[in-house]
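Peer 1: Before anything else, here's the structure in question.
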Amino acid sequence: ADIERGSVGRCIHGAPIILGHTPAHPPASTVFPMPALVVDSLHCVQDTPEWSADEVYLLVVRASARKPWDLQVFPIAPKKVWEGLLEGQPSRETDVVVDRAYGADQLYLAALLEQDGERDFGPGVFSCGLEQALDEVYRNWSSIRKLPSSDLAQELLTEFQRRLKGMCENDEPIGLPALLEIPKGAQAMQLSFECPRGHYRLQFKLVDRT
């Protein structure tokens, strides 16, 4: 899907393959591409009480739970795919990429917002202080290092929930930000964003890039 987002992801190069030779086990130097994390369906259970149909987008926080320490905040706003949303419509099932290289050592948080006019959170537009506030929590945690990553996830989620509503000028958060975590051994998970003014269900999945 054609989306607007911040610059994330990395290029992964595998080891060369020698034709005619198939090793019983891959060499230790072989690097397998990490799967992509995508939203494969979005369902409007209840649209918000606006004068027009909903237009929604995701605000994602990605943080590394190990060195090199890195935290990024970026929007996922697929053009036309998540616009004109009304209750009772079929699910939107176009794959929308969240991260082209999903890593098990990465933490992901997600918030769903209904856009009113100009988007409050766009690529590089974080003057409201959200990214700075989360980065402060993140740096405090990484300086200790002995705390488990589950503690980091909860601290970031608490700060994200506390800050988001007050930093929106026009857009409306639908429910609260949530931890986006594919269970070990699973390939998909569902998040529900719900409040008295709207309800959406999103399914996320991992897609092999081999």
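The values are calculated or read from the model by the stated rules, or taken from the named source; none is laboratory data. Small disclaimer: the values here were computed from a predicted structure and weren't measured. Backbone-built Cβ (ideal geometry, glycine too); neighbour counts: all protein chains shown. All accessible areas refer to the heavy atoms of the entire protein, side chains included, with ligands and DNA or RNA removed. Shrake-Rupley method; radii C 1.70, N 1.55, O 1.52, S 1.80 Å.
Peer 1: Just a yes or no: is a residue in the range 105-114 without any contact (Cβ under 8 Å) to a residue 12 or more places away in the chain and either in a strand (DSSP E or B) or open to solvent by 20 Å² or more (accessible area, probe 1.4 Å) (or both)?
Peer 2: no
Peer 1: Residue check: is PHE126 at pLDDT below 85, open to solvent by less than 70 Å² (accessible area, probe 1.4 Å), farther than 29 Å from PRO33 by Cβ and not polar (S, T, N, Q)?
Peer 2: yes
Peer 1: Quick check on this structure: which one of GLU194, GLU155 is modelled with pLDDT of 95 or more and either more than 15 Å from the chain's Cα centre (by Cα) or open to solvent by 40 Å² or more (accessible area, probe 1.4 Å) (or both)?
Peer 2: GLU194
Peer 1: Please go through the range 24-40 and give me each residue that is at pLDDT 90 or above and surrounded by fewer than 19 Cβ atoms within 10 Å (Cβ to Cβ), ordered by number.
Peer 2: ALA36, ASP40
Peer 1: Which one is nearest to PRO177 (Cα to Cα), of the residues in the range 44-98 that are open to solvent by 50 Å² or more (accessible area, probe 1.4 Å) and part of a strand (DSSP E or B)?
Peer 2: Once the filter is applied, the top-ranked residue is GLN46.
Peer 1: Could you grab the pairs with beta carbons closer than 9 Å, sequence gap of 6+ or different chains, first residue in the range 151-174 and in a strand (DSSP E or B), second one of a type in the set (A, V, I, L, M)?
Peer 2: Going by the 9 Å Cβ cut-off, the qualifying pairs are GLU172/LEU113; PRO173/LEU59; PRO173/ALA111; PRO173/LEU112; PRO173/LEU113; PRO173/LEU164.
Peer 1: What residue, among those in the range 180-196 that are touching a Gly at 6+ places or on another chain (Cβ under 8 Å) and not small (Gly, Ala, Ser), is nearest to TYR57 (Cα to Cα)?
Peer 2: Result: PHE193.
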